[in-house]
Amino acid sequence: MSDDAVLQYDAALSAAVYFDRSACGLIEVAGPEAPTFLHNLCTNDVESLPLGGGCPAFFCNVRARTLFFGTVCHLQDAGRNALWVDVEPGRAGALFQHLDKHLIAEKAELLDRSEEFTRWHVVGPTAESTLAGLLDKPVDMLAPYQHTWRTVRGIAVHVRRHDPLRLPGYDILVRKADASFVVEEIIDAGVAPAGVDAWQMLRVEAGFPEFGRDYDENRFAAEVGVPEAISYSKGCYLGQEPIVMARDRTGFVNRSLRALRLTADALPGDKLYAPDEVGLITSVAHTPGFGPIGLGYLRRGFETPDTEVHVGRADGTRARVVSRPIRA
């Protein structure tokens, strides 16, 4: 926990900072059957998204394993309606191939637009008021996942309300040719950059799962604990049967991602015991607000708040299961 990361963490909680999230991928799906095509491949109700609406979603295989997690936005760009799918860093190519494999006769086309845009996440209590001084029109009416086009000194930017860190947050996408000008405007408005260490501290406090750390292609989507990403009222989609079965037939999942208050620093991959093995730590952080904390999977029966477990071995350092997020 470096001094810089602590300062950035404090600024995010008291004012606003920005994170460079340009490594995230962006796949566009356009055409008259694009909503139905995506609807059939993801866990959320994409067909019902209005223009300007968005939602989180998992893209699963037939066994409901989490191949991808992202945000789907219905927008108009260059005069045509399209769906933009944000995806985790380094996953755009694989998502494109996954969608392309299932694109048979639908009137839809795919385009990887990841390299066209720079993306920042402006976050903190003053994020909204700061953007009000930069944008041509305010964005105070945007609900989570809603989005719109605005301009910064005449330059078009796509602004989305997005709160993965459980703080008021906005994703700002701008075409790379204009990125340097826009980021200078953000800095001049008093918003400082923040780095990976501060992101991880805030992310673990917020309980926001990350691909490659907290889940991968082998993890059952219902175990990851993002309920707003799964619609139980939509029609058939790839992976629906195991998800519905877990809810309606058994009423539970075998493991759940939970937050942990640790009594000492731990490592991702450390096993949890009570006294037999009952779980696994996936993410850790040491934050000024909560000290050593983590995210991890707990077996059914040990996932309830205030359950005490031990790290590394049956008599290892104590940890306590707490509600996720740690920082509400």
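Could you list TYR232, TYR9 in order of exposure, starting from the residue whose Cβ has the fewest other Cβ atoms within 10 Å? Walk me through the numbers before you get to the answer.
Numbers: TYR232 12, TYR9 24.
Fewest-to-most ranking of TYR232, TYR9: TYR232, TYR9.
Given charges of +1 on the Cβ of Lys and Arg and -1 on the Cβ of Asp and Glu, with all other atoms neutral, how large is the dipole of the range 1-112 about its Cα centre, in debye to the nearest 20?
Details: 7 positive and 15 negative charges, 86 e Å.
In total the dipole reaches around 420 debye.
So, with +1 on the Cβ of K and R and -1 on the Cβ of D and E, and no other charges, what is the size of the charge dipole of the chain about its Cα centre, to the nearest 20 debye?
Values: 34 positive and 44 negative charges, 155 e Å.
Computed about the Cα centre, the dipole is about 740 debye.
Give the shape of the range 17-190 as rounded, prolate or oblate, defined through the alpha-carbon gyration tensor: a ≥ b ≥ c are the square roots of its eigenvalues, a/c under 1.5 means rounded, and otherwise the shape is prolate if a/b is larger than b/c and oblate if not.
Details: a/c = 1.88, a/b = 1.77, b/c = 1.06.
Prolate.
Positive end of the dipole of the range 17-190, charges at C-beta (+1 Lys, Arg; -1 Asp, Glu), about the Cα centre: which of GLY79, THR36, PRO125 has its Cα farthest in that direction?
THR36
Among ILE155, ILE281, ILE243, which one shows the highest mean-square fluctuation when the chain is modelled as a Gaussian network with alpha-carbon springs under 10 Å?
ILE155
Taking other Cβ within 10 Å of each residue's Cβ, how do ARG318, ARG160, ARG299 sort, fewest first?
Details: ARG318 13, ARG160 25, ARG299 16.
In order of increasing Cβ crowding within 10 Å: ARG318, ARG299, ARG160.
So for PHE37, PHE117, fewest C-beta neighbours within 10 Å to most, what's the order? Present the calculation step by step, with values, prior to reporting the outcome.
Values: PHE37 24, PHE117 19.
Lowest count first: PHE117, PHE37.
So, in nm, how far is label ALA78 from label MET245 when the simple model puts each one 7 Å beyond its Cα toward the Cβ?
Modelled inter-label distance: 4.3 nm.
Let me make sure I get this right: for the range 179-276, a, b and c are the square roots of the gyration tensor eigenvalues over alpha carbons, sorted descending. Under 1.5 in a/c it's rounded, otherwise prolate if a/b > b/c, else oblate. Which is it?
Numbers: a/c = 3.20, a/b = 1.45, b/c = 2.21.
Since a/c reaches 1.5 but b/c is at least a/b, the shape of the range 179-276 is classed as oblate.
Of the listed values [x] 5, 17, 17, 13, 11, 9, 7, 6, 6, 4, 3, 1, 0; [y] 6, 27, 36, 23, 6, 1; [z] 6, 25, 32, 25, 11, 2, 0, identify the label whose number matches P(r) over Cα pairs in 10 Å bins from 0, in percent calculated from this model.
So the calculated entry is the one marked [z].
Per residue of the range 109-126, what does 6.51 cos²θ - 1.76 cosθ + 1.60 with θ = phi - 60° give for ³J(HN,Hα)? Whole Hz please, x for Gly and Pro, Karplus curve as stated.
Per-residue couplings from phi come out as 10, 10, 8, 8, 10, 4, 7, 7, 10, 9, 10, 10, 10, 8, 9, x, x, 9 Hz.
Per-residue HN-Hα couplings for the range 222-235, Karplus 6.51 cos²θ - 1.76 cosθ + 1.60 at θ = phi - 60°, whole Hz, x for Gly and Pro?
5, 7, 6, x, 10, x, 5, 8, 10, 9, 9, 10, 7, x
So, in nm, how far is label THR263 from label ARG63 when the simple model puts each one 7 Å beyond its Cα toward the Cβ?
With each label point 7 Å from Cα toward Cβ, the separation is 3.8 nm.
Put a dot 7 Å past each Cα toward the Cβ at ASP112 and SER129; how far apart are the dots in nm?
Each label point is offset 7 Å from its Cα along the Cβ direction, giving 4.3 nm.
Please list, in chain and number order, the residues 5+ apart from ASP77 or on another chain whose amide H is under 5 Å from its amide H, with Hs placed from the backbone.
Amide H to amide H, under 5 Å and 5 or more residues apart or across chains, ASP77 pairs with ALA82.
Compute the length gained on full extension between THR317 and ALA23: take 0.36 nm times their separation in residues and subtract their Cα-Cα distance, giving the result in nm to one decimal. Please list the in-between numbers first.
On the way: separation 294, 0.36 × 294 = 105.84 nm, distance 3.62 nm.
So the extension gain works out to 102.2 nm.
Bear in mind that the values in this text are calculations on the coordinates, not laboratory data. Being a predicted model, the structure only gives us computed values, none of them experimental. Heads up, the Cβs are rebuilt from the backbone with ideal geometry, glycines too, and the neighbour counts pull from every protein chain shown.
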